[in-house]
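All remarks here apply to the structure that follows.
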Amino acid sequence: MQIITTINEMKAWSAKARRESKTLGFVPTMGYLHEGHMSLVHKSLAECDVTIVSSYVNPAQFGPNEDLDTYPSAPEKDRDLLLSAGVDVLFRPAAGEIYPKGYKTYVSVEGITAKLCGISRPDFFRGVTTVVLKLFNIVAPDKAYFGEKDWQQLAVIETMVRDLNMDVEIRRMPLLRESDGLAMSSRNRYLDSSERNSALLLSRALKMAQEKTKNGERSANKIRDEIRQIINESSQAKIDYITLCDPYNFEEVTNLNGKTLAALAVKIGSARLIDNCILESV
Ligand code: PAF
């Protein structure tokens, strides 16, 4: 596995692979890899001739009081994991490569970024789309892999790719959970054992919502209230939002019909956790 730290070298590597008619799979990450990331990597390895993984903690997607300075990192462990998986390139741009002095250009998707996570993290999606667009320009992948854990992020990236006529196929991969139900996330590392216990309420609440829907409940208000009650069982949990909405435009629904996204963001200790599931009503 090659470790590349400059944009020029990364572009040259990709250009050569394309000249050799190879298909390029790309998994953008912020490092501190877990099984969720690795499931994207394995999918790319299975579907593409070569796989590139980027690891870059993108300052543009963190707000002023967020965890940019404390974001977990384990560069050696990440390298070993990717090496043993058979990844071709780990792209780890050096500080200053992505946003050099004088940097001025940002890309934003409108509308859907003002909802859900966009309410309490107003600059988050603009930071994500800017860095993802830049990474796509540098790596020039055929396919890029993202997890449905970050459902809204995925919808925003899909919208950018569609609206800007970009030549990359976005591959959606399912959210992975720990055996106790906690959605896998690098930020789970911030939880102490009592906070981790409280964090299990998120998946428990979503499971309840799925069961209620399966048993015929169609009132979004009722399901949302029950989710809230479950989360509020822990005094450590501070709800940011709970929504039952359309999975693609994020408009709140009142009556469940077809596919509804149940999504929530909850602060527990210093960790802001998100989780989601699809409620299917026929
Ligand atoms: O989901 C993430 O880890 C990040 O938001 C991403 C897509 C790598 C952009 O920095």
Give the distance, in whole Å, between the Cα centre of the stretch 107-184 and the Cα centre of the stretch 30-48. 15 Å
How much mean residue ellipticity at 222 nm does the chain get from its helices, if each DSSP H run of length 4 or more adds -39500 (n - 2.57) and you divide by all residues, to the nearest 500 deg cm²/dmol? -11500 deg cm²/dmol
Pairing the Cα long axis of helix 7-19 with the longest principal axis of the chain, what angle in degrees results, from 0 to 90 and rounded to the nearest 10? 80 degrees
Using amide H atoms built 1.01 Å from N in the peptide plane, name the residues 5+ places from I4, or on other chains, whose amide H lies under 5 Å from its own. L90, F91, R92
Sequence-distant residues sharing a close amide H with A237 (under 5 Å, placed H): none
For the stretch 242-282, what's the relative contact order in percent, using C-alpha pairs closer than 8 Å and at least 6 residues apart? 37 percent
Would you work out the relative contact order for the stretch 1-120, in percent, from Cα pairs under 8 angstrom that are 6 or more residues apart? 34 percent
Mind giving me the FRET efficiency for D69 and N137? R0 is 30 Å, r the Cβ-Cβ distance, nearest 0.05 is fine. 0.60
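Which of the trypsin sites (Lys or Arg not before Pro) across the stretch 86-137 are loop residues per DSSP, with 15 or fewer other Cβ within 10 Å?
Those that pass, being in a loop and sparsely packed, are K101, K104.
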Relative to 2.2 N^0.38 Å, what does the C-alpha radius of gyration of the stretch 214-282 come to as a ratio? Two decimals please. 1.13
Whole-Hz Karplus couplings 3J(HN,Hα) for the stretch 124-140, θ = phi - 60° and coefficients 6.51, -1.76, 1.60, Gly and Pro as x, run 4, 5, 5, x, 5, 5, 4, 6, 5, 4, 4, 5, 5, 5, 7, 8, 6
Identify which of C117, C245, C48 has the largest mean-square fluctuation in a Gaussian network model of the chain, with springs joining Cα atoms closer than 10 Å. C48
Which residues' amide hydrogens lie under 5 Å from the amide hydrogen of E169, considering only partners 5 or more residues apart or on another chain, with H built in the peptide plane? K143, A144
Restricting to Cα pairs below 8 Å that are 6+ residues apart, what does the relative contact order work out to for the chain? Please round to a whole percent. 17 percent
Simple label model, 7 Å out from Cα along Cβ direction - E226 to D163, nm: 3.6 nm
Over the chain, with a Gaussian network built from C-alpha contacts below 10 Å, which listed residue (V57, V139, V109) shows the highest mean-square fluctuation? V109
For each pair in K143/K238; K207/K267; K77/K101, compute the distance between the two Cα atoms and list the pairs where it is over 28 Å. K143/K238; K77/K101
Segment E35-I3, length gained on full extension (0.36 nm per residue, minus Cα span): 9.4 nm
Given labels modelled 7 Å from the Cα in the Cβ direction, how far is it in nm from E217 to N197? 2.5 nm
Label model pair I278, A94: point-to-point distance (7 angstrom along the Cα→beta-carbon line) in nm is 4.4 nm
Considering only DSSP beta bridges where both residues belong to the chain, give the percentage that are antiparallel (nearest 5). 55 percent
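Values in this text are rule-based calculations from the coordinates and carry no lab data. Here the structure is a predicted model, which means the values were calculated and not measured. Cβ atoms come from the backbone with ideal geometry, glycine included; neighbour counts cover every protein chain shown.
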